[in-house]
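Take a look at the structure below.
The values are calculated or read from the model by the stated rules, or taken from the named source; none is laboratory data. Note that the coordinates shown come from a computational prediction; the quantities given were computed from them, not determined experimentally. Positions of Cβ are generated from backbone atoms using ideal geometry, with glycine treated the same way; all protein chains shown enter the neighbour counts. These accessible areas exclude ligands, DNA and RNA; they are computed on the full protein's heavy atoms, side chains included. Shrake-Rupley method; radii C 1.70, N 1.55, O 1.52, S 1.80 Å.
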Amino acid sequence: MMPKPEVPFHELDTAEGWEPVPGGAPGVEQKMLSGALDETAKLGVRTRLIRFQPGTVAPDIFLHDYWEEVYLISGGLVTGCDASGQGGEVFSAPAFACRPPGTPHGPFTSPDGCVFFEIQYYLNPGAVA
């Protein structure tokens, strides 16, 4: 089974095709690029863009059992703020994070908005990252 189908080079419309992230905070949107992640079967890989609208606060701390790599393409992201968006550490594009399974992260805010590229995946048992 191929983890992802082939996606040939094509123009990417970054203005259209955004949808709310399921279970995400208002103002956090995704644009799926390829793949799928099956959190029940613990299989797969997905690649997507995430966009925070200006002023968005994602007040929760996230913890999941898959790998996550994030590249901040544009704007600024505040990590580790409180649930109302105060405090935390500010990162401006370009910035990168790699989170192994079980790594707590958040809350987040983006006063001016941001876009990041995200890959989330499960590794086969015994695989090395």
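When residues in segment 50-83 are screened for being part of a loop (DSSP other than H, G, I, E, B) and out of contact with any Ser or Thr (no Cβ under 9 Å at 6 or more places or on another chain), 7 of them pass. Residue pairs whose Cβ atoms lie under 6 Å apart, sitting 6 or more positions apart in sequence or on different chains, and linking a residue in segment 33-58 that is within 16 Å of T14 (Cβ to Cβ) to a partner that is of a type in the set (K, R), are L33/R48; S34/K4; L49/K31.
The residue of segment 3-38 that is most open to solvent (accessible area, probe 1.4 Å), among those that are within 26 Å of I61 (Cβ to Cβ), at pLDDT below 95 and out of contact with any strand residue (DSSP E or B) (no Cβ under 6 Å at 6 or more places or on another chain), is P22. Would you check which residues across segment 98-113 are open to solvent by 30 Å² or more (accessible area, probe 1.4 Å) and within 19 Å of L63 (Cα to Cα) and list them? Of everything in segment 98-113, those that are open to solvent by 30 Å² or more (accessible area, probe 1.4 Å) and within 19 Å of L63 (Cα to Cα) turn out to be C98, R99, P100, P101, G102, T103, P104. Taken over segment 1-56, the criterion of being polar (S, T, N, Q) and under 15 Å from I119 (Cα atoms) is satisfied by Q30, S34, T47. The condition (being at positive phi and part of a loop (DSSP other than H, G, I, E, B)) is satisfied by just one residue among G24, G17, G35: G17.
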